[in-house]
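See structure below.
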Protein chains: 2
Amino acid sequence: MHTLLESLRLENSGVPIYIQLREQILRNLGAGVLARGDQMPTMREVAVALKIDLNTVRHAYDELERMGAITLVRGRGSFVAQPPPAISVREQAKQIDSLAKQTLATAVAAGIDPVALADRIKALARQEE
Amino acid sequence: MHTLLESLRLENSGVPIYIQLREQILRNLGAGVLARGDQMPTMREVAVALKIDLNTVRHAYDELERMGAITLVRGRGSFVAQPPPAISVREQAKQIDSLAKQTLATAVAAGIDPVALADRIKALARQEE
DNA sequence: TGTAGTGTACTAGTCAATGCATACACTACT
DNA sequence: AGTAGTGTATGCATTGACTAGTACACTACA
């Protein structure tokens, strides 16, 4: 439960918060971070951890319930129902390719050397491990 | 020009339309679909093709211009931007760091391996030389 | 029985996104 | 000079997102 909660990150990307939440929770469930029947972080825990409103978390959880990924039990909590399948290696490669292209275009637009940028990304990623 | 226009797709994902547009256009630019100096599809063409409002397209184009990816010329059209003037090494290092952090955050939020992303950026950059 | 912890729900307010309509201003061409 | 085609801009309306606050209803446990 801590694992899932800790992996949640909100970006200031203009994407609605409940959508970011929904996507990240789905991805984590697909990756097997929680098993079927496991309890999810409570809505209040997520709200506090991410400093967002309870109703926003609820909105994301509602959608996850609607798609069958979790079940909500009043007074007891939320539980993993039918985790989505993990994304395929091919799909993941597509997402990497897509973000890489966006980032390349952004770097070029800013007059930044993409290779230097890539090196910096790697260095920062290693720092955070 | 047709290629870029034809590749644009809107999803009913809850992600604001202008953000989907911005990301897809950046992705196409990163993929080399248009070269520097090439004309972009006009805002009206995009609006008609996607059945969205002109102002929504404009919003996306404004952001692309703001980040230096395209230039807007009144009465003539929109064009893939030329590279910006070279900046100082120190300033570039700062911008690299900033963009790297932002990209890392995006990758993490999307569940993308930053090292794989960095490798892909390098590969794409080399392809375009 | 009472309480803590959980989901559920409502109202009100603010801000953002989108669409629509319209018109202006510039460019390039005839 | 006129026109088509392009970007630019404004105001208004509607809908959606988010927040805050508050309170209700259920569950499980002591």
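Here is the list for region B:1-44: GluC sites (Glu not before Pro) lying in DSSP coil, each with at most 10 other C-beta atoms within 10 angstrom of its C-beta, are B:GLU11.
In terms of its C-alpha gyration tensor, region A:45-129 has a prolate overall shape, because the principal axis ratio a/c (a ≥ b ≥ c, square roots of the eigenvalues) is not below 1.5 and a/b outweighs b/c.
Extending 7 Å from the Cα toward the beta-carbon at both B:LYS51 and B:GLU128 defines two label points whose distance is 3.3 nm.
Sparsely packed loop sites in region A:50-119 (the trypsin sites (Lys or Arg not before Pro) outside DSSP H, G, I, E and B with at most 11 other Cβ atoms within 10 Å) comprise A:LYS51, A:ARG74, A:ARG76.
What is the magnitude of the charge dipole of region A:6-67 about its Cα centre, with +1 placed on the Cβ of each Lys and Arg, -1 on the Cβ of each Asp and Glu, and no other charges, expressed in debye to the nearest 20? The partial results should precede the final answer.
On the way: 8 positive and 9 negative charges, 4 e Å.
Dipole magnitude for region A:6-67 comes out near 20 debye.
In nanometres and ascending order, the distances from the B:VAL89 label point to those of the other copies are 4.2 (point 7 Å from Cα along Cα→Cβ). Restricting attention to the protein assembly as shown, the count of lysine pairs at 8 or more positions apart or across chains with alpha carbons under 30 Å apart stands at 18. Note on chain A: with a GNM built from Cα contacts shorter than 10 Å, the maximum mean-square fluctuation among A:ASN55, A:ASN12, A:ASN28 falls on A:ASN12. Placing one equal scatterer on every Cα of region B:2-80 and applying the Debye formula, the log10 ratio I(q)/I(0) at q = 0.19, 0.20, 0.24 Å⁻¹ is -0.74, -0.83, -1.26. Only helices enter the 222 nm calculation for chain B: every DSSP H run of n ≥ 4 contributes -39,500 (n - 2.57), and dividing by all residues gives -18500 deg cm²/dmol, rounded to 500.
Just want the answer: with Cβ charges of +1 for Lys and Arg and -1 for Asp and Glu, which residue in B:ASN12, B:LEU104, B:PRO83 is farthest toward the dipole's positive end in chain B? Towards the positive end, the residue furthest out is B:PRO83.
The mean of 1/r over all distinct Cα pairs in the protein assembly as shown, once inverted, gives the Kirkwood hydrodynamic radius of 19.9 Å. Going by neighbour counts of Cβ atoms within 10 Å, the residues A:SER13, B:SER78 line up, fewest first, as A:SER13, B:SER78.
Just so you know, all these numbers are worked out from the coordinates, no wet-lab data involved. Everything numeric here is computed off the predicted structure, so don't read it as measured data. A quick note on method: Cβ atoms are made from the backbone with ideal geometry, for glycine too, and the neighbour counts reach across all protein chains shown.
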